[in-house]
Amino acid sequence: MSASLDTPAPTASASTAVVSKAVGSQTAAPGASAGPAAPAVSGVPTQTELLDFVRRTAADTELVATLPLDPEGRTWIRLDGPAGSEAWIISWPPGTGTGWHDHGGSYGAFATAEGALQEDSLAARLPTEGWKTLELAEGVDRERKLTKGDARAFGSHHVHEVRNESDSEHAVSVHAYYPPLPLMRRYSRTGAVLRLEQVERPQEWQ
């Protein structure tokens with residue numbers, strides 16, 4: 001088991017609605033680059049606290065087992081995270097992923113509860129407004145594999161994509177964000193060129 005605290009949710013197939021706590025389905029669910037660590041302010045969760053929460057939740061096998069798995073698309077359950085943060089348990093059928101995206105200025109953490117997830121991210125702080133296409137500098141790409149029990153935290157400018165590369169095994173992960181996601185920007189990428197494609201609002205995934 002490992003955890004990573006760094007200051008550096010898929011273009012998937014159709015998802016299936018599930019019923020438990022606050023639940024939803026989407027073709028592009030919530031799911032985060034370099035950025036400053038969240039300050040330890042009274043009443044505001046730190047990255048370390050979010051990391052601890054997702055690790056403990058991912059280890060709760062009884063809770064994780066309440067999430068139905070669908071071979072055709074991702075399913076999820078929304079949870080109450082610490083100190084007003086937003087949290088999700090998300091399933092990843094074989095071959096599904098997020099596509100490149102950010103988290104609208106929220107910081108957070110995620111942990112793998114079952115299976116394994118591949119994360120590709122950018123060690124660069126991108127401007128948030130005023131552009132449609134960027135050419136990335138060499139050396140900004142980072143990648144890691146998070147197997148069961150692995151976790152990581154990320155800053156408020158994190159840009160990444162997450163995938164389940166298995167051809168036979170579901171993965172399940174736990175995510176937490178603060179503040180609750182105000183929006184998500186989705187990107188396409190061709191080589192070094194990153195293009196802003198869509199801005200999603202919470203009503204599109206809740």
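Of note:
- Top-ranked residue in the range 178-195 [being outside any loop (DSSP other than H, G, I, E, B) and open to solvent by 30 Å² or more (accessible area, probe 1.4 Å); ranked as nearest to G130 (Cα to Cα)]: R195
- The range 151-206: number of residues that are in contact with a Lys or Arg (Cβ under 9 Å, 6 or more places away or on another chain) and basic (K, R): 3
- Any hit, the range 169-177, residues being within 18 Å of T128 (Cβ to Cβ) and either assigned to a strand (DSSP E or B) or touching a Cys at 6+ places or on another chain (Cβ under 6 Å) (or both): yes
- Entirely in the range 44-123, the strands (runs of 3 or more DSSP E) that have 1 or more residues that are in contact with a helix residue (DSSP H, G or I) (Cβ under 6 Å, 6 or more places away or on another chain) and either among the small types (G, A, S) or open to solvent by 10 Å² or more (accessible area, probe 1.4 Å) (or both): 107-114
- H170 being within 17 Å of S121 (Cβ to Cβ), open to solvent by less than 60 Å² (accessible area, probe 1.4 Å) and modelled with pLDDT of 95 or more: no
- Residue match in the range 153-162 (condition: among the β-branched types (V, I, T), out of contact with any helix residue (DSSP H, G or I) (no Cβ under 9 Å at 6 or more places or on another chain) and open to solvent by 40 Å² or more (accessible area, probe 1.4 Å)): no
- Pairs meeting the criteria (first residue in the range 135-163 and at positive phi and small (G, A, S), second residue open to solvent by 10 Å² or more (accessible area, probe 1.4 Å) and not in a strand (DSSP E or B), beta carbons under 7 Å, at least 6 apart or on different chains) are G149/M1.
The values are calculated or read from the model by the stated rules, or taken from the named source; none is laboratory data. Note that the structure is a prediction, hence the values are computed from the model and not measured. Cβ atoms come from the backbone with ideal geometry, glycine included; neighbour counts cover every protein chain shown. Note: areas computed on protein heavy atoms with side chains; ligands, DNA, RNA excluded. Shrake-Rupley method; radii C 1.70, N 1.55, O 1.52, S 1.80 Å.
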